[in-house]
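The values are calculated or read from the model by the stated rules, or taken from the named source; none is laboratory data. Bear in mind that the values here come from a model prediction, so they are computed numbers and not experimental data. Heads up, the Cβs are rebuilt from the backbone with ideal geometry, glycines too, and the neighbour counts pull from every protein chain shown. For the accessible areas, the whole protein counts, side chains as well, though only heavy atoms, and no ligand, DNA or RNA atoms are used. Shrake-Rupley method; radii C 1.70, N 1.55, O 1.52, S 1.80 Å.
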Amino acid sequence: MSNPVYQKEIKMSVRTVRFALLIMTFNGILAVLSLLSLYGAVNRSRFFGSVQFTNVIQTYSTVAFIEFAMFMLLVPAITAGSISGEKERRTLDLLLTSRMGAVSIILGKLRASLHMVRILAVSSLPVLSFVFIFGGIRIRDLILVLIALLITGTFAGSVGILFSTISRKTTTATVLTYGSLIVLIFGSYGILIFLQYLNSNNIGNFTNGIGRGIYALLFNPALTFCALIYGQVGSRDFITTLCTKYAPTESGFVIEHWIAVSLCLQILVSVLFLLLAAWILNPLHAVAPPQLWKKAGKAWDKDE
Amino acid sequence: MLKIENLVKNYGKCRALNGLSMEVGEGELFGFIGPNGAGKTTTIKIMTGLLRADSGNVYLDGMDALKDADKLKQKIGYVPDFFGVYDNLKAIEYMEFYASTYGLVGREVTERCYELMELMGLEGRGEVYVDELSRGMQQRLCLARALIHKPDLLILDEPSSGLDPRSRFEMKTILKELCRKGTTILISSHILSELAEMCSSIGIINKGELLQQGSIEEIVSAVNISNPILVRVCDDQKKTLHFLRSNAMVQSLAIDGQEFQFTFAGSAKEEAELLHKMIDSGIRVLSFGRKRDNLETIFMQLTKEGEES
Ligand SMILES: Nc1ncnc2c1ncn2[C@@H]1O[C@H](COP(=O)(O)OP(=O)(O)O)[C@@H](O)[C@H]1O
Ligand SMILES: [Mg+2]
């Protein structure tokens with residue numbers, strides 16, 4: 001049987017003007033940027049007499065990165081309100097007293113937000129397929145990109161839902177979700193750059209780079225996505241480069257299958273987060289969501 | 001039907017429920033009355049599985065309700081004190097959504113939704129967006145929603161707060177009708193007069209404890225039994241005074257003109273005996289009886305005692 005919460009969410013969101021605007025803005029931005037990029041490629045061809053393959057490839061990666069960035073911006077915005085929105089609207093208690101379990105409620109919310117994202121992804125396919133005009137990219141590559149986007153979307157979505165379950169207000173949940181994704185994506189990379197800086201200035205001894213610390217980057221979805229795209233356009237082996245630079249001693253299975261391992265880990269973490277969210281949501285199980293959270297939540301919400 | 005035993009709930013240091021026990025019989029319209037902060041909502045949330053009790057038991061039809069939450073949810077319909085609505089759902093979609101959360105879908109379910117809405121006086125409103133309905137209509141829609149899975153016990157938390165008198169009256173009529181059809185109803189309120197005439201029995205709660213429970217007459221007489229006896233006589237003050245003083249069961253005697261007021265430590269039979277003897281000894285008794293408080297006064301007294309302690 002289909003999930004009632006999922007059905008309701010779809011019905012409600014598709015009705016709003018906001019949703020239409022979202023699709024329009026998303027594809028609008030995507031179209032403008034890819035057209036600009038394509039225009040650049042064609043324009044340069046006037047000087048070279050033929051369309052440079054690398055320029056088309058560049059359009060492809062640009063569009064893919066934009067799509068990734070949009071996902072990272074949109075998914076938290078959608079999911080952060082999922083549970084806290086029901087709290088603010090005072091409808092959560094009614095859901096909890098129904099026969100739907102906490103897990104179904106959480107999954108319904110996740111599926112609904114992924115559905116939104118999926119509509120966005122599919123609606124952007126025409127724009128993405130610009131790149132096929134000049135060839136060079138296989139359908140298989142595109143499918144891989146979509147899968148990676150979906151997994152990363154789920155990952156970001158589970159972070160959003162977890163924070164939404166903890167927070168009483170959507171604003172709080174949104175800030176926490178964006179905050180933690182920023183720390184995850186830029187923070188982890190920032191540390192690398194900082195270490196590199198220390199190294200190049202001979203402060204401290206970093207001949208082994210960050211060693212095993214490199215594996216923490218598996219949780220950085222942006223890095224993995226970069227590796228995927230760069231791998232497809234064949235410019236360089238992104239992870240090997242990264243590794244020789246920051247962790248020259250590390251090698252082996254994980255490094256070789258970085259993308260797959262990272263995506264699997266993201267799925268695993270998503271499942272854990274969602275289960276945790278369901279556990280917290282269930283009023284009869286939530287003996288005490290760790291005191292720390294409670295206090296942090298109160299300090300944030302300040303409406304006690 | 002519903003039996004609550006020694007329910008205790010603490011919010012941090014604040015003790016919201018302090019060993020609350022009560023019983024609601026099958027087919028009753030039970031009024032759960034207490035001042036604000038007495039612990040009504042807390043009790044209701046525990047009954048509906050929205051809150052964990054620190055200790056105590058809740059039995060529904062002999063079944064341990066706190067252990068078997070899923071069965072409990074099937075048997076209870078709940079209208080919370082504050083509830084919200086989804087702004088871009090139509091009334092019928094709202095009903096169908098909640099039906100589906102109980103695993104109910106299909107044509108018959110839609111028909112049942114319409115039937116319930118009609119029962120609540122919402123006929124012809126199916127296609128209206130929920131947020132466009134008046135507050136009273138939303139309340140009745142929420143009541144219709146709570147009945148969707150044919151619960152045995154309907155729980156309403158302060159259903160009349162925020163309603164105008166007319167909506168309140170309609171609500172009462174609907175509830176009485178539901179009760180007549182066999183649904184057991186528990187309704188909480190902080191206003192006694194509102195429930196007094198419609199409820200078959202009431203429980204008075206204060207500071208997380210149940211102070212009195214029973215039918216309205218039972219509560220009134222239970223409280224009045226400890227009230228002082230008032231005797232009015234015709235001219236025989238001295239004789240009466242002498243007579244009453246000589247009886248050991250008469251205590252704290254007070255005189256006001258021809259009126260004697262005292263507390264009596266004996267049984268009802270001894271009380272009747274006293275009157276008999278008074279008349280036998282030649283005292284001309286005009287009236288003999290207890291001071292009778294109305295329910296409102298009793299409620300005020302009971303809940304005031306709680307406040308002072
Ligand atoms: N979430 C909460 N946190 C802390 N204290 C609470 C909470 N909810 C209720 N209380 C306290 O518990 C007591 C009972 O509250 P409640 O059950 O809402 O009373 P009522 O519904 O009878 O007005 C009150 O003293 C209230 O301050
Ligand atoms: Mg209350």
Take the residues in segment B:1-36 that are assigned to a loop (DSSP other than H, G, I, E, B) and free of Cβ contacts under 8 Å to residues at least 60 places away in the same chain; name whichever of them is farthest from ligand 1 (Cβ to nearest atom). B:Lys13
Being within 16 Å of ligand 1 (Cβ to nearest atom) and part of a strand (DSSP E or B), is that true of even one residue in segment B:142-153? no
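Conditions tested, residue by residue: (1) open to solvent by less than 40 Å² (accessible area, probe 1.4 Å); (2) under 26 Å from A:Met12 (Cβ atoms); (3) away from ligand 1 (no atom under 16 Å from the Cβ).
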{"residue": "B:Glu123", "(1), (2), (3)": "no, yes, yes"}
{"residue": "B:Ser134", "(1), (2), (3)": "no, yes, yes"}
{"residue": "B:Gln138", "(1), (2), (3)": "yes, yes, yes"}
{"residue": "B:Leu156", "(1), (2), (3)": "yes, no, no"}
{"residue": "B:Ser161", "(1), (2), (3)": "no, no, no"}
Do we find that B:Leu302 is open to solvent by less than 40 Å² (accessible area, probe 1.4 Å), at pLDDT 75 or above and within 19 Å of the chain's Cα centre (by Cα) in this structure? yes
Pairs with Cβ under 6 Å, 6+ apart, first in segment A:1-19 and assigned to a helix (DSSP H, G or I), second open to solvent by less than 20 Å² (accessible area, probe 1.4 Å) and among the β-branched types (Val, Ile, Thr): A:Pro4/B:Thr101; A:Val5/A:Ile105
Is at least one residue of segment B:99-108 surrounded by 17 or more Cβ atoms within 10 Å (Cβ to Cβ), at the interface with another protein chain (Cβ under 7 Å from one of its Cβ atoms) and outside any loop (DSSP other than H, G, I, E, B)? yes
When segment B:48-64 is examined, which residues are found to be within 11 Å of chain A (Cβ to nearest Cβ) and over 21 Å from A:Lys87 (Cβ atoms)? B:Ala53, B:Asp54
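Matching residues to (1) part of a helix (DSSP H, G or I); (2) modelled with pLDDT of 90 or more:
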{"position": "A:Val183", "(1), (2)": "yes, yes"}
{"position": "A:Phe194", "(1), (2)": "yes, no"}
{"position": "A:Asn205", "(1), (2)": "no, no"}
{"position": "A:Tyr230", "(1), (2)": "yes, no"}
{"position": "A:Lys245", "(1), (2)": "yes, no"}
Name the residue that is most open to solvent (accessible area, probe 1.4 Å), counting only residues in segment A:7-17 that are under 16 Å from A:Gly85 (Cα atoms) and either more than 10 Å from chain B (Cβ to nearest Cβ) or among the aliphatic types (A, V, I, L, M) (or both). A:Ile10
Of these, B:Glu296, B:Glu271, which one is open to solvent by 60 Å² or more (accessible area, probe 1.4 Å) and not hydroxyl-bearing (Ser, Thr, Tyr)? B:Glu296
List the pairs whose first member sits in segment A:77-95 and is in contact (Cβ under 8 Å) with a residue 12 or more places away in the chain and within 10 Å of chain B (Cβ to nearest Cβ), whose second member is surrounded by fewer than 24 Cβ atoms within 10 Å (Cβ to Cβ) and not in a helix (DSSP H, G or I), and whose Cβ atoms are under 6 Å apart, counting only residues at least 6 apart or on separate chains? A:Lys87/A:Arg168
Scanning segment B:55-91 for residues that are part of a loop (DSSP other than H, G, I, E, B) and at pLDDT 90 or above, which turns out nearest to ligand 2 (Cβ to nearest atom)? B:Pro80
So, in segment B:50-62, of the ones that are touching a helix residue (DSSP H, G or I) at 6+ places or on another chain (Cβ under 8 Å) and open to solvent by 40 Å² or more (accessible area, probe 1.4 Å), which residue ends up nearest to B:Gly12 (Cα to Cα)? B:Arg52
What single numbered condition from (1) more than 16 Å from ligand 1 (Cβ to nearest atom); (2) touching a helix residue (DSSP H, G or I) at 6+ places or on another chain (Cβ under 7 Å); (3) hydroxyl-bearing (Ser, Thr, Tyr) fails to hold for B:Thr183? (2)
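Let's see how each residue does on (1) within 30 Å of B:His190 (Cα to Cα); (2) at pLDDT below 80; (3) not in a loop (DSSP other than H, G, I, E, B):
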position: B:Phe260; (1), (2), (3): no, no, yes
position: B:Glu270; (1), (2), (3): no, no, yes
position: B:Leu275; (1), (2), (3): no, no, yes
position: B:Gly282; (1), (2), (3): no, no, no
position: B:Phe288; (1), (2), (3): no, no, yes
position: B:Asp293; (1), (2), (3): yes, yes, no
position: B:Ile298; (1), (2), (3): yes, yes, yes
position: B:Gly306; (1), (2), (3): yes, yes, yes
Subset of segment A:97-114 [within 14 Å of another protein chain (Cβ to nearest Cβ), open to solvent by less than 20 Å² (accessible area, probe 1.4 Å) and farther than 17 Å from A:Leu272 by Cα]: A:Thr97, A:Ser98, A:Met100, A:Ala112
